[in-house]
Amino acid sequence: MTPWGDLGLGYNCGCGGCGRSHALPRAGRSRWLNLYRLWRDGGFQDFHLRMERGFQRLGPVYREQVGTYDCVNVLLPRDAAQLFRAEGPFPRRMGIEAWSAHRRLRNHKCGLFLLNGPAWRSDRLALNPEVLSPSGARKFLPLLDAVARDFAAALRRRLRRSPGGALTLDPHPLLFRFTLEASSFALYGERLGLLGGGPPAGGAGRFLRAVQEMLSSTPPLLFVPPPLLRALRPPLWERHLQAWDCIFQHADGCIQRLLQARGGRGGVLSELLLRGRLPLDSIRANVTEFTAGGVDTTAMPLLFTLFELGRNPGVQRALREELRGVWGGPAQLLSALPLLRAAIKETLRLYPVGITVQRYPATDVVLHNYRVPAGTLCQVSLYAMGRSPEVFANPERYEPARWLGKEDTSFKALAFGFGARQCIGRRLAEAEMMLFLVHVLRNFSVEAVSTEDVRTVFRFVLMPEKSPLLTFRCLD
């Protein structure tokens with residue numbers, strides 16, 4: 001039997017008849033040497049590429065130890081399905097210890113992203129009707145549509161002032177502002193005024209900077225034990241804490257204004273307060289996490305989608321043709337655009353926001369003929385799966401139509417996770433992206449300045465190392 005760390009557990013062949021014991025392939029032998037090599041070679045920003053190389057070298061399942069991080073990496077959809085079957089009634093994922101440490105230090109409750117066990121399930125059941133159900137989603141669709149329309153109008157005004165009626169730029173700052181404006185409106189029922197182009201003033205500016213600081217400071221803290229952070233108190237940790245404090249203060253202000261107002265203003269927060277299914281501190285914790293988790297996780301897929309449409313004009317034309325003659329409210333639009341929905345799936349195949357989906361199986365599970373003990377951290381590598389020829393034909397091509405055929409796509413579109421612990425903001429994010437693209441495609445043509453592949457890096461979310469330049473032109 002092959003030893004599993006220091007636990008005395010092992011991996012046995014799950015094939016059911018060979019009678020042999022098999023060692024799970026392992027990336028390196030020393031967890032601390034692996035950590036040193038990782039930092040020496042540029043840190044964790046190439047983690048998705050490192051995992052892809054691991055599968056190429058070791059096969060579709062292998063074990064990796066890096067410092068305190070110890071997991072089994074999984075490539076194939078059939079093994080992701082096995083993890084789904086073994087996740088149990090309280091699916092568990094790896095948390096972000098720096099975020100949890102902030103909550104403990106400030107005596108805040110944790111939201112869904114950080115909770116596990118019965119506490120997670122209780123909050124999840126209370127939040128599902130307002131955030132994930134189709135009826136709940138219909139309530140915030142008009143809010144997202146209004147922000148998408150305003151974005152298109154603001155960009156059209158900029159184009160009218162541009163020489164030649166064309167504008168070439170790095171769209172990421174605009175997309176970051178759009179997603180923060182849209183998610184805040186959908187969550188709090190308040191506009192921040194971030195689409196005007198100038199620097200936002202007052203509380204909106206502080207909130208914008210705090211979200212940016214929190215996102216940029218999270219990746220370096222992912223693998224550092226919080227006791228060490230509290231002992232050393234490096235400036236990065238202090239900035240991270242201050243950023244979260246500002247984000248919570250923003251949520252507190254929105255809650256207070258909503259409680260003092262007569263009648264609801266729309267948005268998820270208003271519905272949660274009205275229904276009373278959760279105590280106020282739990283509502284505050286969850287809405288704050290939704291805010292933090294709904295910015296670059298939506299802005300980056302939009303950036304990559306615009307880039308792929310810019311270098312695949314045939315796909316862009318097909319999407320615009322699908323839009324022709326399709327009108328109505330946002331709910332009618334979203335139900336009548338299968339190719340646009342497929343384009344977002346195709347973007348998330350090539351550029352998944354989170355590079356893995358993580359689970360701790362509740363029971364022993366057989367993954368590609370290796371028996372993995374219950375409680376082991378397992379992660380499905382979405383980046384490597386999306387680019388594997390074992391899973392997708394011509395994986396390097398951007399082909400949204402692949403999601404419209406009869407091909408089996410089970411456990412191949414996992415950008416929002418799977419099972420009971422799939423991303424609770426899924427409908428919010430999908431609707432936000434689709435409505436944005438509807439109004440951009442109706443108003444503008446998009447061209448990529450360079451059609452070369454974009455090098456990606458992992459900085460809490462997958463993003464381009466250097467943002468691609470895009471040219472926008474107004475359509476008549």
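Over the stretch 419-461, what per residue volume does the convex hull of the Cα atoms give, in whole Å³?
Numbers: hull volume 5.6 nm³, N = 43.
Here the figure is 131 Å³ per residue.
Taking one equal scatterer on every alpha-carbon of the stretch 126-247, how large is log10 of I(q)/I(0) by Debye at q = 0.14, 0.21, 0.22 1/Å?
Those come out to -0.80, -1.15, -1.19, one per q.
Rounded to the nearest 0.05, what FRET efficiency do Ala146 and Ala119 give with R0 = 45 Å and r taken as the Cβ-Cβ distance? Could you check?
Working: r = 35 Å, r/R0 = 0.78.
The pair Ala146/Ala119 has a calculated efficiency of 0.80.
What is the magnitude of the charge dipole of the chain about its Cα centre, with +1 placed on the Cβ of each Lys and Arg, -1 on the Cβ of each Asp and Glu, and no other charges, expressed in debye to the nearest 20?
Working: 63 positive and 41 negative charges, 92 e Å.
That gives a dipole near 440 debye.
At 222 nm, what helix-only mean residue ellipticity would the chain give, in deg cm²/dmol to the nearest 500, using -39500 (n - 2.57) for each DSSP H run of four or more?
Details: 18 runs with 244 residues, N = 476.
The per-residue figure over the chain is -16500 deg cm²/dmol.
For the pair Arg387/Leu259, report the inter-label distance in nm, with labels modelled 7 Å from Cα in the Cβ direction.
4.9 nm
Choose one of Leu350, Tyr383, Gly419: the residue whose Cα lies farthest towards the positive end of the charge dipole of the stretch 328-476 (beta-carbon charges +1 Lys, Arg; -1 Asp, Glu; about the Cα centre).
Toward the positive end, the furthest listed residue is Gly419.
For Leu469, which sequence-distant residues (separation of 5 or more, or a different chain) have an amide H within less than 5 Å of its own amide H, given hydrogens modelled in the peptide plane?
Result for Leu469 returns Val449, Ser450.
So how much slack lies between Ser216 and Trp32, counting 0.36 nm per residue of separation and subtracting their Cα-Cα distance, in nm? Each step should come with its number before you reach the end.
Details: separation 184, 0.36 × 184 = 66.24 nm, distance 2.50 nm.
So the extension gain works out to 63.7 nm.
Amide H neighbours of Val365 under 5 Å, counting only residues 5+ apart in sequence or on other chains, H built in-plane at 1.01 Å?
Val372, Ala374
Name the residues whose placed amide hydrogens come within less than 5 Å of the amide hydrogen of Arg26, ignoring near sequence neighbours (fewer than 5 apart) on the same chain.
It is Arg63, by chain and number.
Among Cys71, Leu428, Leu208, flag the residue with its Cα farthest along the positive direction of the charge dipole of the chain, charges on Cβ as +1 for Lys/Arg and -1 for Asp/Glu.
Leu208
Write down the Kirkwood hydrodynamic radius of the stretch 43-176, to one decimal in angstroms, obtained as one divided by the mean of 1/r over all alpha carbon pairs.
20.2 Å
Just to be sure I understand the model, the point goes 7 Å from the Cα along the line to the Cβ. What's the resulting Arg473 to Ala23 distance in nm?
Each label point lies 7 Å from its Cα, and together they span 6.1 nm.
Suppose R0 equals 22 Å. What FRET efficiency, 1/(1 + (r/R0)^6) with r the Cβ-Cβ distance, do Trp39 and Arg455 give to the nearest 0.05? Don't skip to the end; give the middle numbers.
Values: r = 20 Å, r/R0 = 0.89.
My answer for the efficiency is 0.65.
Answer with one residue from Leu319, Gln56, Leu229: the one whose Cα lies farthest towards the positive end of the charge dipole of the chain, charges on Cβ with Lys, Arg +1 and Asp, Glu -1.
Working it through, the farthest residue towards the positive pole turns out to be Leu229.
Roughly speaking, what is the centre-to-centre gap between the stretch 403-433 and the stretch 249-319 when only Cα atoms are used, to the nearest Å?
With the stretch 403-433 and the stretch 249-319 each reduced to a Cα centre, they are spaced 18 Å.
Quick one: Karplus J couplings for the stretch 400-417, per residue in order, coefficients 6.51, -1.76, 1.60, θ = phi - 60°, nearest Hz, x for Gly and Pro?
So the Karplus estimates, Gly and Pro as x, are x, 5, 4, 8, 9, x, 8, 4, 5, 10, 4, 6, 10, 10, 10, 4, 9, x Hz.
Give me the percent of DSSP beta bridges within the chain that run antiparallel, rounded to the nearest 5.
On the way: 29 of 34 bridges.
Percentage antiparallel, nearest 5: 85.
Hey, what's the Cα Rg ratio for the chain versus the globular rule of thumb, 2.2 N^0.38 Å? Spell out each step's value before the answer.
Values: Rg = 22.7 Å, N = 476, 2.2 N^0.38 = 22.9 Å.
Relative to the 2.2 N^0.38 Å estimate, the chain comes out at 0.99.
Could you pull out the longest piece of the chain with no exposed loop trypsin sites (Lys or Arg not before Pro) in it, calling a site exposed if DSSP puts it outside H, G, I, E, B and it has at most 14 other Cβ atoms within 10 Å? Before the final figure, lay out each step's value.
Working: sites that count: Arg20, Arg29, Arg161, Arg262, Arg324, Arg397, Lys406, Arg455, Lys466.
Longest run free of exposed loop sites: 30-160.
Readers should treat all values here as calculations from the given coordinates under stated rules, not as data from a laboratory. Computed from a prediction, not measured in an experiment: that's the story for all the values here. So basically every Cβ, Gly included, is an ideal-geometry build from the backbone, and we count neighbours across all protein chains shown.
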